[in-house]
Amino acid sequence: MRESNSSHTGHIAENTARTREFHAFVAGASGRLLRVATLLTAEPAHRNPLAQGLLTGALAHTYAHWDRLRGEDPYQRTRSELALRFARTAWRYQRGRGGVLAALTPQERLVVVLRLHEGVAEEQTAALLGLPEERIRAVCARSVSHLREAS
């Protein structure tokens, strides 16, 4: 009986350490990740419930896989999950709600945010979104041109 109790205590301590690590990650990265989500949903920064929902889902996914990250950057993992969640539900975000990128389509916003705001390499963006690099390059160029015309 005692062995079981000591093993249970060890498991609780492990979970507590895991939770502390995750909370530290969230404290350091959530502001930047929320900005990414807000740009994707094209909502105003002060009123962004869709972005908050996207981020919550991405963070929940990261937490569920926290023990399996094994040296993988949790910020990059969460950002990728955020981008994929946005891409899967892009139909919800067809019309921007007043954010700076509201004039762009969801795909254009996704490419611009990953490439220009986050600095993700063209080949990584293409791999993440399952698109050819040429398409990423073209979407990015067209989006930047569109934004210049709009301003």
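Computed over protein heavy atoms with a 1.4 Å probe, the carbon and sulfur contribution to the accessible area of the chain reaches 53%. Annotation note: GluC sites (Glu not before Pro) in segment 55-150 located in DSSP loop regions with a Cβ neighbour count of at most 15 within 10 Å are 72.
Here is the P(r) of segment 62-121: all C-alpha pair distances, binned every 5 Å from 0, give 4, 17, 23, 21, 15, 11, 6, 2 in whole percents. Suppose all protein chains stay in the model; what accessible area per residue would a 1.4 Å probe give for the chain, in Å²? Result: 59 Å² per residue. A prolate overall shape is assigned to segment 25-68, the ratio a/c of its alpha-carbon gyration tensor axes (a ≥ b ≥ c) being 1.5 or greater and a/b exceeding b/c.
Note on residue 102 and residue 134: their simple-model spin labels are 3.6 nm apart, each label 7 Å out from Cα toward Cβ. When the square roots of the Cα gyration tensor eigenvalues are ordered a ≥ b ≥ c, the ratio a/c for the chain is 1.5 or more and a/b exceeds b/c, which makes its shape prolate.
The distance from the alpha carbon centre of segment 118-150 to that of segment 36-75 is 21 Å, rounded to a whole number. Modelled spin-label separation between residue 20 and residue 65, with each label point placed 7 Å from Cα along the Cα-to-Cβ direction: 2.6 nm.
Helices in the chain, meaning DSSP H runs of at least 4 residues, each add -39500 (n - 2.57). Divided by all residues, the mean residue ellipticity at 222 nm is -23000 deg cm²/dmol.
GNM remark for the chain: springs join alpha carbons under 10 Å apart, and the peak mean-square fluctuation among 141, 64, 37 falls on 64. Each Lys and Arg contributes +1 and each Asp and Glu -1, all at the Cβ; summed about the Cα centre of the chain, the dipole is approximately 480 debye.
The values are calculated or read from the model by the stated rules, or taken from the named source; none is laboratory data. In this text the structure is predicted, and so the values were computed from the model without any measurement. Heads up, the Cβs are rebuilt from the backbone with ideal geometry, glycines too, and the neighbour counts pull from every protein chain shown. The area values use the complete protein model at the heavy-atom level, side chains included, leaving out ligands, DNA and RNA. Shrake-Rupley method; radii C 1.70, N 1.55, O 1.52, S 1.80 Å.
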